[in-house]
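Written out below as structure tokens is the structure these notes cover.
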Amino acid sequence: MERIIERGLFASRWLLAPMYVGLVAGLVILLIVFARESLDFLLQAASLTIEDTILGILSLVDLVLLANLVLIVIFSGYENFVSKFDIDAGADRPEWQGTVDFATLKLKLVASIVAISGIHLLKVFMDVDKYPPQQINYFIAIHVTFVVSGVLLALTDWLSFSTKSAKKEKASGR
């Protein structure tokens, strides 16, 4: 009975596979939005001010960062929780693929969220007259919360790694 339960639990990881396929659909949607934004930006290029140009480019960078984040989640999540990729991609295989564990994935996610939040905050500052001061304060508070959360997460992971390393050294008699 125990083996049946354990095999069933182990096989349940495959329930995540359709979710990763759904994230690929999200990437397609991001590509469509990126193409639309790029086309709109290009068609307006002759009449754009410097500020509008910066805001347009930041919007495109924002979409690319989000797409990178989704791709990292797809690759590392699938390999960490479902199955290793059995594909020989050769030189095209990203260097980080297969090496991003759950702790590293969390840090990459938080770093990406901080970057996206920072870009959004920069866009707000570029068009500061459009926002009431209270809303700007909320944006700053949210960004600072993301930054502090990222630092605390990195510190927690560092402390955990240091503790594990110290225990291994103690166990090996060093």
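The values are calculated or read from the model by the stated rules, or taken from the named source; none is laboratory data. Just so it is clear, the model here is predicted, and its values are computed rather than measured. Backbone-built Cβ (ideal geometry, glycine too); neighbour counts: all protein chains shown.
Does L27 qualify as being closer than 22 Å to L122 by Cα and surrounded by 13 or more Cβ atoms within 10 Å (Cβ to Cβ)? It is false that L27 is closer than 22 Å to L122 by Cα and surrounded by 13 or more Cβ atoms within 10 Å (Cβ to Cβ). Checked against the criteria, L23 does not count as free of Cβ contacts under 8 Å to residues at least 60 places away in the same chain, in contact with a helix residue (DSSP H, G or I) (Cβ under 8 Å, 6 or more places away or on another chain) and farther than 16 Å from F81 by Cα. Can you spot a residue in the stretch 44-62 that is closer than 19 Å to I113 by Cα and of a type in the set (V, I, T)? Yes, the stretch 44-62 contains at least one residue that is closer than 19 Å to I113 by Cα and of a type in the set (V, I, T). Whether any residue in the stretch 80-102 is part of a helix (DSSP H, G or I), surrounded by 13 or more Cβ atoms within 10 Å (Cβ to Cβ) and either over 16 Å from the mean Cα position of the chain (by Cα) or at pLDDT 95 or above (or both) is what I want to check. The answer is yes; a qualifying residue exists. Check the stretch 104-125 and report whether any residue there is in contact with a Phe, Trp or Tyr (Cβ under 9 Å, 6 or more places away or on another chain), farther than 22 Å from V61 by Cβ and surrounded by 12 or more Cβ atoms within 10 Å (Cβ to Cβ). Checked against the condition, which is being in contact with a Phe, Trp or Tyr (Cβ under 9 Å, 6 or more places away or on another chain), farther than 22 Å from V61 by Cβ and surrounded by 12 or more Cβ atoms within 10 Å (Cβ to Cβ), the stretch 104-125 yields at least one hit.
In the set (1) buried (at least 16 other Cβ atoms within 10 Å of the Cβ); (2) closer than 22 Å to K106 by Cα; (3) in contact with a helix residue (DSSP H, G or I) (Cβ under 7 Å, 6 or more places away or on another chain), the condition left unmet by L55 is number (2). Has the stretch 143-158 got at least one residue that is at pLDDT below 85, surrounded by 10 or more Cβ atoms within 10 Å (Cβ to Cβ) and of a type outside the set (F, W, Y)? The answer is yes, given that some residue of the stretch 143-158 is at pLDDT below 85, surrounded by 10 or more Cβ atoms within 10 Å (Cβ to Cβ) and of a type outside the set (F, W, Y). Between L15, L9, L69, the distinction of being within 18 Å of S112 (Cβ to Cβ) and either modelled with pLDDT of 90 or more or in a helix (DSSP H, G or I) (or both) belongs to L69 only.
Conditions tested, residue by residue: (1) exposed (fewer than 12 other Cβ atoms within 10 Å of the Cβ); (2) over 27 Å from the mean Cα position of the chain (by Cα); (3) basic (K, R).
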| site | (1), (2), (3) |
| --- | --- |
| R7 | yes, yes, yes |
| L16 | no, no, no |
| L31 | no, no, no |
| E37 | no, no, no |
| F41 | no, no, no |
| T49 | yes, yes, no |
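Looking across the stretch 36-66, the residues that are of a type in the set (D, E, K, R) and either in contact with a Cys (Cβ under 7 Å, 6 or more places away or on another chain) or modelled with pLDDT of 90 or more (or both) come down to R36, E37, D40. Contact map, the stretch 72-85: first residue under 11 Å from L16 (Cβ atoms), second residue part of a helix (DSSP H, G or I) and at pLDDT 85 or above, Cβ cut-off under 6 Å, separation 6 or more or different chains; pairs are I74/Y20; I74/L23; Y78/Y20; F81/R13; F81/L16; V82/R13; V82/L16; V82/A17.
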